[in-house]
Structures are given as structure tokens and as C-alpha cells.
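Reviewing the structure listed below.
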Amino acid sequence: MYQEQFMQRAIALSAQALSEPGTEPFGAVVVKDGVIVGEGFNHSVAHHDPTSHGEVEAIRDACRKLGTVNLSGCELYSSCEPCAMCVAAMHIAGIAKLYYAASLAQSGKAFDGVTVEARHPIDVEALRAEAGATLVQRSLPAEQKMDREAVRILSDWAATRRACLASWTDRCAVSEESAAYGADRPTGRCIHAGKPAGSRAAPQELVSLRWGRSKETQGRQRSRSWEGRSWR
Ligand SMILES: [Zn+2]
């Protein structure tokens, strides 16, 4: 639910760019359960990082602080409507809701006359089209090389995940990172991976993170969420 104080904080972060070299006036905060868990603003020039947009910085900050890659249930407040890259980052992180202040049209108008010498601009329409295009539709030239070698690594990694899944009985003790995904998206450092059956005793500190669903339920969840999708 929208709370003005969080938008005020996002805008206050953007205002820091008025006095901090190498930054731009785009600030954002990530909110979970009514508390700011991450914040940031554009440091693209200062950090030599063209992906350092306010929203991305806030997502990185929240994920580090919460020790997760899953921000489902979190809301993001941004001083400006996000670009396509930031929307993608929000989607990957599982952000549940966006609140924004200035629109892209308004920021574009405000930056009228600010040339590429003064900042690193984004063609938001071109970015949106490129990000949503298939490989062959993109303006970015791309050629496939050494796919067999790369796929072998992917397959080997996936095999360790499948071995872990096959070893489940009715419960599974996993790392905090894995548990954050929920039972249908196990990733990260499962303590079962690579271990023979019978060596699945959970460390005491992980007991509270055990998944509670039955294997049958997990199987249904997996088939619904995994199959027919292109995972990257
Ligand atoms: Zn952005």
C-alpha cells in the first residue's frame, strides 16, 4: 500500500545528485512490510557502471541486506518511471508493485537540451523495443559459437539440481538462499547436492528453513512453473 514517506525518500535520494559528482537524479527505495529494505540512486558515471540506475541500485541493496535474490512481496518506489532495463530487473527480482513520481515523458522534457557530453542518455523507446525483441529481431548483431561446450556446463549443473530433487522424500532442508524461492524453484546451495542418499541430515541452523510441502505437491508446482518456459 502506498505510503508517501517512501516516495519522499526516493525523491530525496534523487536530490543527492545535485551535489554528488558522477550521479544522476534518479532515486529509488525497496519496501518490504512497511520498512525500507534497500535504497539507491544513479551512480553510473561515478561507478563506471552504465547499469547503475536508481532502481537497480535499490534492488541490489535490498537483496544484499535480505540475503536473497527474491524480492516478491516487496514494493519499489522510484523518483522516475523506470526504463526497460530496470523493469526487467524488477521482474527478475519479483517486485510486486511499482510507484513512480516523474514519468519518462516528464524526465525527457526536463532533460531537453542536455547533450551526450553532459550525461549518458538512454533512448527509452529503442531500449524497450530491443529488450522485448527476440534474438533475430534485435538490432544488436549476435552469433552463436561453442554452444556444445556451454550446454555441457548447463547440463552438468542442472544434473546436480535434479539429483537433489530426486533425493527428496517429503521434506528438504536447504540453504536460506534456496528457501527464499519457495519449493518450486530450488536453486543455489542445497545441502543435498552431490551427496549420497542417507547423508541428508540438516544442520541445526537450517531446520527452520525446511520446506513443508509434500514431494507430490512439489512435483505439480515444478511442472506448472518450469516446463514450457525459457529459463536463463
Ligand atoms: Zn533504468
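The values are calculated or read from the model by the stated rules, or taken from the named source; none is laboratory data. Here the structure is a predicted model, which means the values were calculated and not measured. All Cβ positions, glycine included, derive from the backbone under ideal geometry; neighbour counts span all protein chains shown.
Select from the stretch 32-55 the residues that are surrounded by 15 or more Cβ atoms within 10 Å (Cβ to Cβ) and part of a loop (DSSP other than H, G, I, E, B) and write down the one among them that is nearest to the ligand (Cβ to nearest atom). Here the answer is H53.
For the stretch 91-113, the candidate set comprises residues that are small (G, A, S), touching a residue at least 24 places away in the same chain (Cβ under 8 Å) and not in a loop (DSSP other than H, G, I, E, B); within that set, the residue that is nearest to the ligand (Cβ to nearest atom) is S107. Scanning the stretch 114-159 for residues that are farther than 22 Å from H47 by Cα and within 16 Å of the ligand (Cβ to nearest atom) gives E125, A126, R128, A129, E130, A131, G132. Within the stretch 56-90, the set of residues being away from the ligand (no atom under 16 Å from the Cβ) and part of a strand (DSSP E or B) comprises E75 only.
Can you spot a residue in the stretch 144-151 that is at pLDDT below 95, part of a helix (DSSP H, G or I) and of a type in the set (A, V, I, L, M, F, W, C)? Within the stretch 144-151 (the criterion being at pLDDT below 95, part of a helix (DSSP H, G or I) and of a type in the set (A, V, I, L, M, F, W, C)), the answer is no, since none of the residues qualifies.
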